[in-house]
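In what follows, a single structure is set out as structure tokens and then discussed.
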Amino acid sequence: MAEIRYTSTRDANIDISASQAIIKGLSNDGGLFVPKEFPALDTSLEELAGLDYRETAYRVMKLFLSDFTEEELRECINNAYDSKFDTPEIAPLMEAGGSYYLELFHGRTIAFKDMALSILPHLLITAAKKNDVHEEIVILTATSGDTGKAALAGFAGVKGTRIIIFFPKDGVSPVQKLQMVTQKGDNTFVVGVDGNFDDCQTGVKNIFNDRELAEKLKAQGFRFSSANSINIGRLIPQVVYYVYAYSRLVNSGRIKAGEKIDFCVPTGNFGNILAGYYAKLIGLPVNKLICASNENKVLFDFFESGVYDRNRKFILTSSPSMDILISSNLERLIYHIAGDDARVNAEYMKELAETGKYTIEDDMRGRLVDFLGFYADEEETAARIKALYEDCGYIIDTHTAVASAAYDKYYRSYSPKVPAVIVSTASPYKFSRSVMTAIDKANESKGDFELIDEMSALSGVDIPAAIEEIRNAEIRHKTECRTDEMRSQVEGFLMK
Ligand SMILES: *Cc1c(COP(=O)(O)O)cnc(C)c1O
């Protein structure tokens, strides 16, 4: 099979291997790495229906990471998808209220980021070995909450790596914050930023693009990489669970191999849903990809009008991991619908950087047929949690509820005839305050851990280990900074 090479969304001259793209994270031109051509699934849908998660992961990831040997890739997969997950299914598919919920929160930090961040450290270390990289790898990441903890859990104690996390100090849930600031491991550094997620992300991008700093660090034996969802080492593992969800439906006789299904995805940085698009491009029978937004509905507006406009008020919602106005991974979609044209994409991104806005051409809009955007406001999200609990006894988190409510709107306007999988991105225990208040307003005044205990009583689902761990854990990370101090924080941590 031919090797799949990677190029930059902003410079067509870039031509590197998958392992090199994983090490670099982001291209020097500021672009994201994308496959130069798409492979095709070479395992039949019938055969996939009989495979477990790990084997499915191998069959999918080998297509994209074609410079990894079978042994290397299988070892990465086996190290990632093991008993760190609290179910051998890894990503179970549940049925509730007439739809399927793909639960991606059974990993160590109970959010879907674990699906990719459990394997990224292994891919990165393997990639470094393959390419004779000897510097210590410094993972630098901005997080809206869930990436931070999942990355910390993945990289803590991993030899040859250090990890630095920036999060908006007032923009994450109490559980998310506790999970991060109690992180153990000498190679970890967690900083609360006085700003929102976009500020953190922009700060990190600036540090990445700072050539002078990179040279200085190189001299000290360090090299930056990213655990953000812009790294293809995160994107590709996410393609797996779309294929797996489909194969579960075939396996249980809900659909016949070849029938199309819809996916509805609660979206922030556009990484998760883009992986669903990649699954479609390699041959998975996907009907529509429904992009669900919360009140920060910049993506909904984009799919409606072809105008991407981040010039608007940033709203803090009960689904903080989707409180994003610059969806980094959308750049990959723009590149693809421009006909894999780096020059055209680079112009849009320049416009975005300068004016906060761009409008795509009509022919590009025409290539968005696989997508539909819907959004749910705070009230609709809370109502969905309450209704699903009261009808089925199934408790979903706020992000999943945005998707579920968005799917409802899609269903009412389009009367789809195909089954739908709603991608369930976090355990309700991670957002217990918002979830329990949605079920009963009287819960508002109760303490965080009291609510967690009550949720367990209501749902009959055991409290996950990730929650028990932080009940009495020591706070180890107290650093806070302004956005213009991010660079000096990085230097301080590495040079100390
Ligand atoms: C990160 C996250 C999202 C958004 O995913 P993207 O890949 O950024 O679109 C949705 N829900 C939860 C719980 C998340 O952690």
Of the criteria (1) without any contact (Cβ under 8 Å) to a residue 24 or more places away in the chain; (2) within 17 Å of P464 (Cβ to Cβ); (3) polar (S, T, N, Q), which one T69 fails: (2)
How many residues, within region 3-58, are in a loop (DSSP other than H, G, I, E, B), in contact with a Lys or Arg (Cβ under 9 Å, 6 or more places away or on another chain) and among the polar types (S, T, N, Q)? 5
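Among the residues of region 24-50, which ones are within 19 Å of the chain's Cα centre (by Cα) and open to solvent by 10 Å² or more (accessible area, probe 1.4 Å)?
So the first thing to find is which residues in region 24-50 are within 19 Å of the chain's Cα centre (by Cα), and the list is 24-26, 31-35.
Matches in region 24-50: K24, L26.
Can you work out which of the residues in region 102-131 that are small (G, A, S) and more than 16 Å from the ligand (Cβ to nearest atom) is farthest from F263 (Cα to Cα)?
So the first thing to find is which residues in region 102-131 are small (G, A, S), and the list is 107, 111, 116, 118, 127-128.
Subset that is more than 16 Å from the ligand (Cβ to nearest atom): 127-128.
On the way: A127: 32, A128: 35 Å.
By that ranking, first place goes to A128.
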Single condition Y308 does not satisfy, out of (1) open to solvent by 10 Å² or more (accessible area, probe 1.4 Å); (2) free of Cβ contacts under 8 Å to residues at least 60 places away in the same chain; (3) not aliphatic (A, V, I, L, M): (1)
Could you grab the pairs with beta carbons closer than 6 Å, sequence gap of 6+ or different chains, first residue in region 212-229 and modelled with pLDDT of 90 or more, second one open to solvent by 30 Å² or more (accessible area, probe 1.4 Å)? G221/E135; G221/E136; F222/E135; F222/E136; R223/E135
Only one residue in A111, A151, A116 is closer than 21 Å to K478 by Cβ and touching a residue at least 40 places away in the same chain (Cβ under 8 Å), so which one is that? A151
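Does region 347-370 contain any residue that is in contact (Cβ under 8 Å) with a residue 60 or more places away in the chain, over 19 Å from G276 (Cβ atoms) and either among the hydrophobic types (A, V, I, L, M, F, W, C) or in contact with a strand residue (DSSP E or B) (Cβ under 6 Å, 6 or more places away or on another chain) (or both)? Even if it seems obvious, please write down each step before you answer.
Initial filter on region 347-370 (in contact (Cβ under 8 Å) with a residue 60 or more places away in the chain): 349, 368, 370.
Keeping just the survivors that are over 19 Å from G276 (Cβ atoms) gives 349.
Restricting the remaining residues to those that are either among the hydrophobic types (A, V, I, L, M, F, W, C) or in contact with a strand residue (DSSP E or B) (Cβ under 6 Å, 6 or more places away or on another chain) (or both) gives 349.
Looking through region 347-370, at least one residue is in contact (Cβ under 8 Å) with a residue 60 or more places away in the chain, over 19 Å from G276 (Cβ atoms) and either among the hydrophobic types (A, V, I, L, M, F, W, C) or in contact with a strand residue (DSSP E or B) (Cβ under 6 Å, 6 or more places away or on another chain) (or both).
Residues that are open to solvent by 10 Å² or more (accessible area, probe 1.4 Å) and of a type in the set (S, T, N, Q): list the helices (runs of 4 or more DSSP H) wholly contained in region 397-459 that include at least 3 such residues.
On the way: elements: 398-414, 432-439, 448-459.
Filter on region 397-459 gives an empty set.
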Scan of region 320-368 for residues that are within 13 Å of the ligand (Cβ to nearest atom) and at pLDDT below 95, ordered by number: P320, S321, M322, D323, I324, L325, I326, S327, S328
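Would you say L102 is closer than 21 Å to H399 by Cβ and at pLDDT below 95?
On the way: closer than 21 Å to H399 by Cβ: yes; at pLDDT below 95: no.
For L102, the condition - closer than 21 Å to H399 by Cβ and at pLDDT below 95 - is not met.
For region 63-165, which fully contained strands (runs of 3 or more DSSP E) count at least 1 residues that are open to solvent by 10 Å² or more (accessible area, probe 1.4 Å) and farther than 29 Å from F431 by Cβ? It would help to see each step written out before you state the result.
On the way: elements: 93-96, 99-103, 136-142.
Correct list: 136-142.
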Is it true that Y389 is open to solvent by 10 Å² or more (accessible area, probe 1.4 Å) and either under 26 Å from D146 (Cα atoms) or hydrophobic (A, V, I, L, M, F, W, C) (or both)? yes
Residues satisfying the stated conditions in region 354-374, i.e. surrounded by 13 or more Cβ atoms within 10 Å (Cβ to Cβ) and of a type in the set (G, A, S): G356, G373
Scan the strands (runs of 3 or more DSSP E) fully inside region 298-393 and keep the ones with 1 or more residues being farther than 25 Å from Y100 by Cβ. 307-309, 357-359
If I ask for residues that are within 13 Å of A376 (Cβ to Cβ) and within 11 Å of the ligand (Cβ to nearest atom), which ones from region 397-436 would you list? T398, H399, T400, A401, V402, A403
Go through region 249-279 residue by residue and tally those that are open to solvent by 10 Å² or more (accessible area, probe 1.4 Å), away from the ligand (no atom under 16 Å from the Cβ) and in a helix (DSSP H, G or I). 2
Can you spot a residue in region 287-301 that is within 15 Å of V369 (Cβ to Cβ), away from the ligand (no atom under 13 Å from the Cβ) and not aliphatic (A, V, I, L, M)? yes
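Select from region 460-496 the residues that are in contact with a Cys (Cβ under 9 Å, 6 or more places away or on another chain) and surrounded by 13 or more Cβ atoms within 10 Å (Cβ to Cβ) and list them in ascending order.
Taking region 460-496 and keeping what is in contact with a Cys (Cβ under 9 Å, 6 or more places away or on another chain), we get 483, 486, 488-489.
The answer is T483, M486, Q489.
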Taking region 186-201, which residues are at pLDDT 90 or above and over 15 Å from A151 (Cβ atoms)? D186, G192, V193, D194, G195, N196, D199
Can you name every residue in region 338-355 that is under 20 Å from V34 (Cα atoms) and among the β-branched types (V, I, T)? V344
Report every pair of residues separated by at least 6 positions or lying on different chains whose Cβ atoms are under 9 Å apart, first residue within region 319-345 and under 30 Å from P174 (Cα atoms), second small (G, A, S) and open to solvent by 20 Å² or more (accessible area, probe 1.4 Å). S319/S434
Which condition number does P237 fail, the rest of (1) within 16 Å of the ligand (Cβ to nearest atom); (2) at pLDDT below 95; (3) in a helix (DSSP H, G or I) being met? (2)
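The values are calculated or read from the model by the stated rules, or taken from the named source; none is laboratory data. Because the structure is predicted, anything quoted here is derived from the model rather than measured. Note that each Cβ is placed from the backbone with ideal geometry, even for glycine, and that neighbours are counted across all protein chains shown. The protein model used for the area step is the full one, side chains on, heavy atoms only, and it has no ligands, DNA or RNA in it. Shrake-Rupley method; radii C 1.70, N 1.55, O 1.52, S 1.80 Å.
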